[in-house]
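The values are calculated or read from the model by the stated rules, or taken from the named source; none is laboratory data. Worth saying up front: this structure is predicted, and the values here are computed from it rather than measured. Here Cβ is always computed from backbone atoms with ideal geometry, including for glycine, and neighbour counts include all displayed protein chains.
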Amino acid sequence: MRRLDIMGWIAIVGLTLAAGCGEAEHDARASSGGAGGAGSASAAKPPLFGEGPPPAVGAAAQAAELYRGACAGCHGERGGGDGAMAGALTPRPTRFADAAWQAAATDETIAKAIVEGGAAVGKSAAMPARGDLAAQPELLGELVKLVRGFGGR
Ligand code: HEC
């Protein structure tokens, strides 16, 4: 868990710096709260700036939480393209477990689809854009890794 803790801090520091630039502030605030469910991971973190324990958990845990809440409903808990809403969509949500899809996709196109939506990469416009993640590269990177992790098994 130590590595996740460090990653989390990097994310927080990065977000703080991004927020200092102005426009990213709202998104950074909105995403750093509310990511519960991994309480034990944050218990041992030392305060960095003397402001008490940080609100966010590691970026990987945050990505898993985000996936469950915002992606699994279409793409499925395990990336099988079989979420509760999948049957209502044509084309169906991408099955991340598909080795051929994994081989054809690049980390860049995956990230672009997530941030700009399906239409931006020539896929279904039913795939929603998450523009807020553009300001959170650490979290976006972990989300791409998570999508990759569903493949090749
Ligand atoms: C409303 C349903 C829905 C939700 C919610 C959704 N997706 Fe999708 N997603 C789709 C559909 C539909 C496609 C496109 C399938 C196609 O055109 O072949 C897609 C495609 C993708 C692709 C493939 C892009 C490519 O280049 O092949 C990725 C990656 C992806 N989604 C990631 C995510 C992630 C991560 C989330 C959560 C942040 C998410 N999606 C949320 C429906 C959804």
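Taking the criterion of being at pLDDT 95 or above, of a type outside the set (A, V, I, L, M) and in contact with a Pro (Cβ under 9 Å, 6 or more places away or on another chain), would at least one residue in the stretch 18-40 satisfy it?
So far as the stretch 18-40 goes, no, none of its residues is at pLDDT 95 or above, of a type outside the set (A, V, I, L, M) and in contact with a Pro (Cβ under 9 Å, 6 or more places away or on another chain).
Please specify each residue of the stretch 90-106 satisfying the condition of being over 18 Å from K145 (Cβ atoms) and surrounded by 11 or more Cβ atoms within 10 Å (Cβ to Cβ).
P91, R92, P93
For the stretch 140-153, what are the residues that are more than 16 Å from G80 (Cβ to Cβ) and within 10 Å of the ligand (Cβ to nearest atom)?
L140, L143, V144
Note down all Cβ pairs under 8 Å where the first residue falls in the stretch 71-88 and is near the ligand (Cβ under 10 Å from one of its atoms), the second is in a loop (DSSP other than H, G, I, E, B) and of a type in the set (D, E), and they're at least six residues apart or on different chains.
Once the first residue is near the ligand (Cβ under 10 Å from one of its atoms) and sits in the stretch 71-88, its partners that are in a loop (DSSP other than H, G, I, E, B) and of a type in the set (D, E) give G81/D98; G83/E77.
Among what's in the stretch 112-127 and is near the ligand (Cβ under 8 Å from one of its atoms) and touching a residue at least 12 places away in the same chain (Cβ under 8 Å), pick the residue that is surrounded by the most Cβ atoms within 10 Å (Cβ to Cβ).
It comes out as I114.
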